[in-house]
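Novice: Dropping a structure here in structure tokens format, bear with me for questions.
The values are calculated or read from the model by the stated rules, or taken from the named source; none is laboratory data. Treat the numbers as computed from the prediction; the structure is a model and nothing was measured. All Cβ positions, glycine included, derive from the backbone under ideal geometry; neighbour counts span all protein chains shown. Just so you know, the surface numbers come from the protein's heavy atoms only, side chains and all, with ligands and any DNA or RNA stripped out. Shrake-Rupley method; radii C 1.70, N 1.55, O 1.52, S 1.80 Å.
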Amino acid sequence: MNDSTTRLDPSQLRARCDLSRMGFETTEELEDLHRIVGQSRASEALNFGLGIRRKGFHLFALGPDETEKRWIVRHFVEKRARSEEVPPDLCYVNDFDRTHRPRALSLPPGRGRRLASGMDRFLSGLPPALRSAFESEEYQARRQGVAQETGERHEASLEALQERARERSIALLRTPGGFVFAPIRNGDVVPPKEFEELPKEEQDQVQEEIRELQGELQEILRKVPRQQRQLQEQIREVDREVAELTVRELLAPLREDHHDLSEVRRFLDRVQEHVVENVQAVLKVESSSSGPQEAPEQRPESGPLTHPGLRQYRVNVLVDHSDSEHAPLVYEEHPTYQNLVGRVEYASVMGTLVTDFNLIKPGALHRANGGYLLLDAHRVLGEPLAWDGLKRTLQEGELRIESPQEALGMVRTVSLDPEPTPLQVKVLLLGSAPVYFLLSELDPDFRDLFKVAADFDDRMPRDSESEATYAHLVAALARREELLPLHRSAVEKVIEWTARLAGDSERLSTRTGGVLDLLQEADHWCREAGGTVVDGEHVWQTLEARRDRAGRIRDRMQEEILRDTVVVETDGERVGEVNGLSVLQHPGLSFGRPSRISARVRMGRGEVVDIEREVALSGPIHSKGVLILSAFLGARYAFDRPLSLSASLVFEQSYSGVDGDSASLAELLALLSAIGEIPLDQSWAITGSVDQHGRVQAVGGVNEKIEGYFHICRERGLTGRQGVLIPESNAKHLMLRPEVVEAVEEGRFQIHTVASMDAAMERLSGLKVGAPDEEGRYPEGTANARVAGRLQELAERRREYLGSGAEGSP
């Protein structure tokens, strides 16, 4: 037999990791890693995106979650944020002229809390201070003086009138019914009966004088309401002066504390004016306890400060940077619309919902303003209105607080309309590649807002330097999670596992989330055994335990093959049959499964029927592979004449969908075997795709495929003849399990690589393939000669059949 394939040496089946050159025994001797592993492209994108301060240059970090993408992004952002200044505090206060539109105050960091605390102290002391001022002797004296002055003026007018009446022998008398005039004689009032006995002329004269005096009296009495109004105005002016003096004195510390902030000064002036104008409402508030007030975020929900008369003067601190040392970094776990842009809450008062500026609550964009906001793209897209609200806010460059119903234009209730605030924030979305590409394709605003993509890779090149770097990474992860230290052998096993996870002996997986899970499980097994250092056996125990937990479906399928319920032969020869290999994906486990692929041929019109496709069990890639087989047959064996066969291909005992082209090499060998009636060795299983020229191409899942077939052969008994043919270009992807490597090393199992279909045919058939001569004829006894001869025979039979005048055209 011509050894037309390349037999792989055991050393080529698993690239072992040897860290002895690093000279450490456990990870306690290794320093932490202070740089990102295997993400140079993403790191450069993050540096660029975080550095550029232009509209629309927000970032989208795409890639597998297991790469610890969130941790890496947070690491970059924290490093950048530490070098940036703390942004201003944000407060809302009452606009006394437009109470429905609270005013926003932007204050230096920490000044918002100081202002709010100062205002609370002011408000706590305001009612008692005002009461003391209005109960003071000075105030009472001034008030009485004003009243007395007004009363004296009134009395003086009455006394002057009384004196003029007395000169006319008429008295002004005060009665319960009011003022009356009566004539007097010798100092006494003339009784009515006596007055009637007076001469008529004298009576008329007295009555005339009384009428004149009554007119003067009416004039005096008409002035009384005006005098009372003047009195009230004078009293109010006194009250205003007393209140203004008291309020100015109470506000003096606040004015002094915030003398450098013009917006605060204007607010305090307006507070003073409003308190003075509404001093009686403030006086109705019960006296509050003295002493220092709580911080704004710890204010009680009941007490004097919640009284409407005082509540309207408070300061609502939305964002407080008193304790911040650098620009903020906010990660919003639950990015609903209101959690992003803020909300106005309502309180129930006697069955009615009411609100004011004190019930304005910040969103993540408020807290991140002046810094950075991290969001999970999938979560944002899953919340109603959240994505549109985020886009609108970034496009407008300002934060507007409104309810979802208002954003949709569904309601127009009278509510608060807080003043919008300028927005300066860098948003970083974390998501998968499919989400990124879907948004790029379907949302025209996305590319205008998120112009920087940080693409995280899921693998990195493997060499001695990267292995050493990975060792430091493992040490850092173990320390960060407070795990037991790892022996060098455990670190080597972890690195080998990451290469297997990457599906390439020359690459390492950067899915450090999976590495962390592995370390935690190995730590558990070590502690269960009473150990203090995790070694290689604990890591292997972890991997085997995982494989066993997820292996029920795999074991059931292998069991059906071993019990001959599913027919897969591992010795002998068959015509038109070959063992193909496929990979099944199961949560937590991918495993290989051998399948019997068969082909049948008959006279026909050059059709190769894919039975899987005919019954809608074949995917488009598999169907493409079958069409490539037809092209290969025509090009090699029927260049100058039509094919006169009808062939069918099928995965036997396959009852689910089939896709991919990794079985196209096996299908081509089965087809050629059926055409040329060439027996094929059933000890071999085959995987690989093939092109129109017969070259064998790389496929995925090669490790799982080999191990799946190896398990069947091992259970039936390894003979040394069994093996797997894989594409030559897949050799670098091998990271096989130790039992497979051991069997190959002992000569009980074989793994060969092939570069062409011809090499695979020679290996399985034991025949030379044969090259055509100048006339296109193949040497006798070769595989190509048998295939070409059978095709020639089918063509002649078809001509005879058609020449006989038979109905139909096969």
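Novice: Across segment 587-622, which residue is farthest from E704 (Cα to Cα) among those that are touching a Lys or Arg at 6+ places or on another chain (Cβ under 7 Å) and open to solvent by 20 Å² or more (accessible area, probe 1.4 Å)?
Specialist: M603
Novice: For the structure I just gave you, tell me whether S623 is touching a helix residue (DSSP H, G or I) at 6+ places or on another chain (Cβ under 9 Å), of a type in the set (G, A, S), over 22 Å from V699 (Cβ atoms) and not in a loop (DSSP other than H, G, I, E, B). Spell out the reasoning first.
Specialist: Working: touching a helix residue (DSSP H, G or I) at 6+ places or on another chain (Cβ under 9 Å): yes; of a type in the set (G, A, S): yes; over 22 Å from V699 (Cβ atoms): no; not in a loop (DSSP other than H, G, I, E, B): yes.
Spelling it out, it is not the case that S623 is touching a helix residue (DSSP H, G or I) at 6+ places or on another chain (Cβ under 9 Å), of a type in the set (G, A, S), over 22 Å from V699 (Cβ atoms) and not in a loop (DSSP other than H, G, I, E, B).
Novice: Suppose the filter is in contact with a helix residue (DSSP H, G or I) (Cβ under 9 Å, 6 or more places away or on another chain), open to solvent by 60 Å² or more (accessible area, probe 1.4 Å) and modelled with pLDDT under 75; does R164 pass it?
Specialist: Considered against the rule, which asks whether it is in contact with a helix residue (DSSP H, G or I) (Cβ under 9 Å, 6 or more places away or on another chain), open to solvent by 60 Å² or more (accessible area, probe 1.4 Å) and modelled with pLDDT under 75, R164 comes out as no.
Novice: If the Cβ limit is 6 Å and pairs must be 6+ apart or interchain, which residue in segment 789-810 that is open to solvent by less than 70 Å² (accessible area, probe 1.4 Å) pairs with which residue that is at pLDDT 70 or above and not in a helix (DSSP H, G or I)?
Specialist: L794/M603; L794/S644; L794/L645; A795/S644; R798/M603; R798/S644; P810/M603; P810/G604
Novice: Tally time: how many residues in segment 608-621 are modelled with pLDDT of 75 or more and within 19 Å of G576 (Cβ to Cβ)? So that I can check it myself, show each step before the final result.
Specialist: Within segment 608-621, the subset modelled with pLDDT of 75 or more is 608, 619-621.
When the remaining residues are screened for being within 19 Å of G576 (Cβ to Cβ), the result is 608.
Final tally of qualifying residues: 1.
Novice: Continuing with the same structure: L13 - would you say it is at pLDDT 95 or above, touching a strand residue (DSSP E or B) at 6+ places or on another chain (Cβ under 7 Å), closer than 26 Å to E467 by Cα and buried (at least 20 other Cβ atoms within 10 Å of the Cβ)?
Specialist: For L13, the condition - at pLDDT 95 or above, touching a strand residue (DSSP E or B) at 6+ places or on another chain (Cβ under 7 Å), closer than 26 Å to E467 by Cα and buried (at least 20 other Cβ atoms within 10 Å of the Cβ) - is met.
Novice: Right, here's the next one. When only residues in segment 330-355 that are open to solvent by 40 Å² or more (accessible area, probe 1.4 Å) and either touching a Phe, Trp or Tyr at 6+ places or on another chain (Cβ under 8 Å) or of a type in the set (D, E, K, R) (or both) count, which is nearest to R270 (Cα to Cα)?
Specialist: Among residues in segment 330-355 that are open to solvent by 40 Å² or more (accessible area, probe 1.4 Å) and either touching a Phe, Trp or Tyr at 6+ places or on another chain (Cβ under 8 Å) or of a type in the set (D, E, K, R) (or both), the one nearest to R270 (Cα to Cα) is T355.
Novice: Are any residues in segment 16-64 in contact with a Gly (Cβ under 9 Å, 6 or more places away or on another chain), exposed (fewer than 15 other Cβ atoms within 10 Å of the Cβ) and within 19 Å of I495 (Cα to Cα), and if so, which ones?
Specialist: Matches in segment 16-64: E29 only.
Novice: Separate question: Kindly indicate whether any position in segment 184-204 is surrounded by 14 or more Cβ atoms within 10 Å (Cβ to Cβ), in contact with a Phe, Trp or Tyr (Cβ under 8 Å, 6 or more places away or on another chain) and modelled with pLDDT under 75. Lay out the reasoning, then the answer.
Specialist: Residues of segment 184-204 surrounded by 14 or more Cβ atoms within 10 Å (Cβ to Cβ): 184, 189-190, 195, 198, 203.
Okay, now just the ones that are also in contact with a Phe, Trp or Tyr (Cβ under 8 Å, 6 or more places away or on another chain), so 203.
Checking the rest, the ones that are also modelled with pLDDT under 75 come to 203.
There is at least one residue in segment 184-204 that is surrounded by 14 or more Cβ atoms within 10 Å (Cβ to Cβ), in contact with a Phe, Trp or Tyr (Cβ under 8 Å, 6 or more places away or on another chain) and modelled with pLDDT under 75.
Novice: Before we move on, is R721 more than 49 Å from the chain's Cα centre (by Cα), at pLDDT 90 or above and not in a helix (DSSP H, G or I)?
Specialist: So R721 fits the description; yes.
Novice: Specify which of the listed residues (S509, S466, S489, S432) is modelled with pLDDT of 95 or more and small (G, A, S).
Specialist: After ruling out the rest, the residue left standing is S489.
Novice: Residues that are part of a loop (DSSP other than H, G, I, E, B), within 25 Å of F446 (Cβ to Cβ), touching a helix residue (DSSP H, G or I) at 6+ places or on another chain (Cβ under 7 Å) and small (G, A, S): does segment 408-419 have at least one?
Specialist: no
Novice: Pairs needed: first member in segment 356-385, touching a residue at least 40 places away in the same chain (Cβ under 8 Å); second member anywhere, among the small types (G, A, S) and assigned to a helix (DSSP H, G or I); C-beta distance under 7 Å; at least 6 residues apart or different chains.
Specialist: That search, which allows pairs on different chains as well, returns G371/A81; Y372/A81; L373/A364; V380/A386; L385/A407.
One line per residue, one yes/no per condition, for (1) touching a Gly at 6+ places or on another chain (Cβ under 7 Å); (2) open to solvent by less than 50 Å² (accessible area, probe 1.4 Å):
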{"residue": "N730", "(1), (2)": "no, yes"}
{"residue": "M735", "(1), (2)": "no, yes"}
{"residue": "H752", "(1), (2)": "yes, yes"}
{"residue": "K768", "(1), (2)": "no, no"}
{"residue": "P779", "(1), (2)": "yes, no"}
{"residue": "V787", "(1), (2)": "yes, yes"}
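Novice: Follow-up question, since we're still on this one. Out of all the residues in segment 518-543, which are among the aliphatic types (A, V, I, L, M) and over 23 Å from A499 (Cα atoms)?
Specialist: A529, V533
Novice: Residues being open to solvent by less than 30 Å² (accessible area, probe 1.4 Å), closer than 24 Å to R74 by Cβ and among the aliphatic types (A, V, I, L, M): count how many of those fall in segment 444-493.
Specialist: Total meeting the criteria: 11.
Novice: Report every pair of residues separated by at least 6 positions or lying on different chains whose Cβ atoms are under 7 Å apart, first residue within segment 163-176 and without any contact (Cβ under 8 Å) to a residue 24 or more places away in the chain and closer than 15 Å to E216 by Cβ, second open to solvent by less than 100 Å² (accessible area, probe 1.4 Å) and outside any strand (DSSP E or B).
Specialist: Correct list of pairs: A171/A165.
Novice: Just for helices (runs of 4 or more DSSP H) wholly inside segment 68-177: which have at least 2 residues that are among the charged types (D, E, K, R) and within 60 Å of the chain's Cα centre (by Cα)? Give the derivation first.
Specialist: Values: elements: 69-81, 111-135, 137-167.
Of the helices (runs of 4 or more DSSP H) lying wholly inside segment 68-177, those with at least 2 residues that are among the charged types (D, E, K, R) and within 60 Å of the chain's Cα centre (by Cα) span 69-81, 111-135.
Novice: Quickly run through segment 304-323 and pick out the residues that are outside any loop (DSSP other than H, G, I, E, B) and open to solvent by 50 Å² or more (accessible area, probe 1.4 Å).
Specialist: Hit for segment 304-323 is P308, nothing else.
This table checks each residue for (1) in contact with an Asp or Glu (Cβ under 7 Å, 6 or more places away or on another chain); (2) part of a helix (DSSP H, G or I); (3) open to solvent by less than 20 Å² (accessible area, probe 1.4 Å).
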position: R636; (1), (2), (3): no, yes, no
position: L649; (1), (2), (3): yes, no, yes
position: Y655; (1), (2), (3): no, no, no
position: D661; (1), (2), (3): no, no, no
position: A666; (1), (2), (3): no, yes, yes
position: A685; (1), (2), (3): no, no, yes
position: H693; (1), (2), (3): no, no, no
position: V699; (1), (2), (3): no, no, yes
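Novice: Determine whether segment 377-398 contains at least one residue that is surrounded by fewer than 22 Cβ atoms within 10 Å (Cβ to Cβ) and of a type in the set (S, T, N, Q).
Specialist: Yes, segment 377-398 contains at least one residue that is surrounded by fewer than 22 Cβ atoms within 10 Å (Cβ to Cβ) and of a type in the set (S, T, N, Q).
Novice: When L130 is evaluated against the numbered criteria (1) modelled with pLDDT of 75 or more; (2) farther than 30 Å from L516 by Cβ; (3) open to solvent by 40 Å² or more (accessible area, probe 1.4 Å), which criterion, by number, is the only one it fails?
Specialist: (3)
Novice: Spot the failing condition for R790; the list is (1) out of contact with any strand residue (DSSP E or B) (no Cβ under 7 Å at 6 or more places or on another chain); (2) more than 18 Å from L629 (Cα to Cα), and only one is missed.
Specialist: The failed condition is (2).
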